[in-house]
Structures are given as C-alpha cells and as structure tokens.
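Contents: one structure, followed by commentary.
The values are calculated or read from the model by the stated rules, or taken from the named source; none is laboratory data. Not measured: the values here are computed from a predicted model. Quick reminder, even Gly has a Cβ in these numbers, built from the backbone with ideal geometry, and neighbours come from all protein chains shown.
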Amino acid sequence: MEFRRLTDRIYYSMFDKEADRPVLGYVSGQKYSFMVDAGNSKSHMKAFHEALDKEGFKRPDMIAVTHWHWDHTFGMHAAEGITIAHEKTNNKLKEMAKWQWTDSEMKKRLETKVEIEFADTCIRKEYSLLSEIQVVTSDLSFVETMKIDLGGITAELHQVESPHSDDCVCIFIPEERVLFIGDAVGVDYYNNCFLDKDKLRSLIGAVEGFDFDTCVLGHAEPMSKENILNIMHSLLNRQENS
C-alpha cells in the first residue's frame, strides 16, 4: 500500500482501481488518531494498519466513514477503534447486513437492480471467498454534524447534500485546512448514473463554505479548493446545458 504525507499531521493511502479500493485518510492528534473511511475489506484495513506500523504511527482510535457504499464500509468490522457513521449510513448498513453473500443471492440483487454491476464485479475481485464479507453498523452515529477534539487538532463531520448519495459526509480538519469529501462529487450509480443538478449546486455551496486549501477525494489525487470547485462548476454547467 502506498502511504503518503499530506501535512505534518495528515496522511493518506492511495486509491487502487483494480478492486475499487478508495483513499483512506489518517489524522494524527496528540490524544487520538483518526481514520477517514474503513476500506472495502478486512484485507484493505489490514494493509492500512501495516502501513501505519511501518511508519511507527498509532493505529486509529476512531474511524469515520463518508457514506454507505461497500468500498468505504466493508472493512469496518476489522477496525480496532471506535467507528462513526451518519445515521442514514447506518440505516443502509443495517439493511445490507441482512443480505446473504452468495453467488446466487448476488445475482438476484443484480437482476432486481438492488445492486449495480460495477459494485458486484469489484466485490468479486476483492473477495475470493464471498463468505468473508461482513457488514456491520458503526459504534457511534450522528445527525447533521459532529466535532471531535483529537488533541491539538479537530475533526469536524458534516453531512452534506450530494448527487452521489443521500448520506454523504465531509470531514473537515480546520487546523490543517484539509477537507475530505469521499465520493460526494460523483453521480448516483444506483439511479442510472443520474447527476442531480440541484444537489450538486447545494454541494458546491457547502464546499465553498469550508476554509480549506486541500481537498482529499475518494478515488483521485488530492487537489486544491480552486480545482475541485472548478470541476464541480464544470459538471453543473454541462448538466444545465444538456
């Protein structure tokens, strides 16, 4: 796993397109260490822990997820710290925890459009044994916002309206001027890749309101505030002109 330094107190692992492994964030506080997103499997979480061990960093005391999609949450059962998710995220995870992870049941969910082909394909790449899939809810949940003092540095969790998913959460680290946004800018894969321009407009307003320099995305390189806003405005203009 490639582990990179973003600031003196923030690090992240690179995304991996092969099995749709997203970026995982790490914030080092004086009292607590904090992880952004839980990865897509026990194996993904283990690789992250090994990367931390190699650097001599403390394993996460807290792990917060940005939304319910499998690649950001299926590693949560392997977390060693306290897990945190939005209430809407947990509602979806409760539903998924009841699913059977067998070839036949996964095919049924594809046929009934409960699941999408991209996720099904990537899950099968990540899990050679489907029986190893474990879906759990978080230890703690919140509504709207949550603020955590990590010791000399703060993690602010904000639910935002997003075209990608109804439960998207941005995680702002004000002292380092870094904003983690997960996949909030993306289309809704569970609604025929629809991009809701009203939700995108709302997201743009929310992102503009954060005083940050660097934006960390779920499946791309970190970028500046100016660049992420340019991308969102470009997507909005394209949608409005289509």
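Some observations on this one:
- Residue within the range 30-41 that is touching a residue at least 12 places away in the same chain (Cβ under 8 Å), among the aliphatic types (A, V, I, L, M) and either in a helix (DSSP H, G or I) or surrounded by fewer than 20 Cβ atoms within 10 Å (Cβ to Cβ) (or both) present: no
- Of all the listed residues (Met96, Met106), the sole one being among the hydrophobic types (A, V, I, L, M, F, W, C), crowded, with 16+ Cβ neighbours inside 10 Å and touching a Lys or Arg at 6+ places or on another chain (Cβ under 9 Å) is Met106.
- Breaking point among (1) exposed (fewer than 13 other Cβ atoms within 10 Å of the Cβ); (2) more than 28 Å from Cys215 (Cβ to Cβ), for Val143: (2)
- When the range 55-66 is filtered for residues that are crowded, with 23+ Cβ neighbours inside 10 Å and either on the phi > 0 side of the Ramachandran plot or over 11 Å from the mean Cα position of the chain (by Cα) (or both), only Pro60 remains.
- Filtered residues of the range 109-133 (kept if outside any helix (DSSP H, G or I) and either of a type in the set (Lys, Arg) or surrounded by 13 or more Cβ atoms within 10 Å (Cβ to Cβ) (or both)): Lys113, Val114, Glu115, Ile116, Tyr127, Ile133
- Evaluation of Val136 against (1) more than 21 Å from Met45 (Cβ to Cβ); (2) β-branched (Val, Ile, Thr); (3) assigned to a loop (DSSP other than H, G, I, E, B) (one fails), failing number: (1)
- For the range 194-230, residues that are among the β-branched types (Val, Ile, Thr) and loosely packed, with under 15 Cβ neighbours inside 10 Å total 0.
- Inter-residue pairs, beta-carbon under 6 Å, first under 18 Å from Ser41 (Cα atoms) and in the range 111-126, second at pLDDT below 95 and buried (at least 17 other Cβ atoms within 10 Å of the Cβ), 6+ apart: Cys122/Ala19; Cys122/Asp20; Lys125/Ala19; Glu126/Ala19
- Considering only residues in the range 144-201 that are of a type in the set (S, T, N, Q) and outside any strand (DSSP E or B), the one that is farthest from Thr121 (Cα to Cα) turns out to be Ser162.
- Within the range 43-65, residues that are among the basic types (Lys, Arg) sit with their Cβ atoms under 8 Å from residues that are buried (at least 17 other Cβ atoms within 10 Å of the Cβ) and part of a helix (DSSP H, G or I), at 6+ positions apart or across chains, in these pairs: Lys46/Ala78; Lys58/Leu52; Arg59/His49; Arg59/Leu52.
- Residues of the range 2-29 classified as assigned to a loop (DSSP other than H, G, I, E, B), surrounded by fewer than 17 Cβ atoms within 10 Å (Cβ to Cβ) and not polar (S, T, N, Q), total: 5
- Being closer than 30 Å to Phe212 by Cα and of a type outside the set (A, V, I, L, M, F, W, C) is a property that does not hold for Ser128.
- Test: residue in the range 90-100 that is more than 26 Å from Glu117 (Cα to Cα) and among the hydrophobic types (A, V, I, L, M, F, W, C): no
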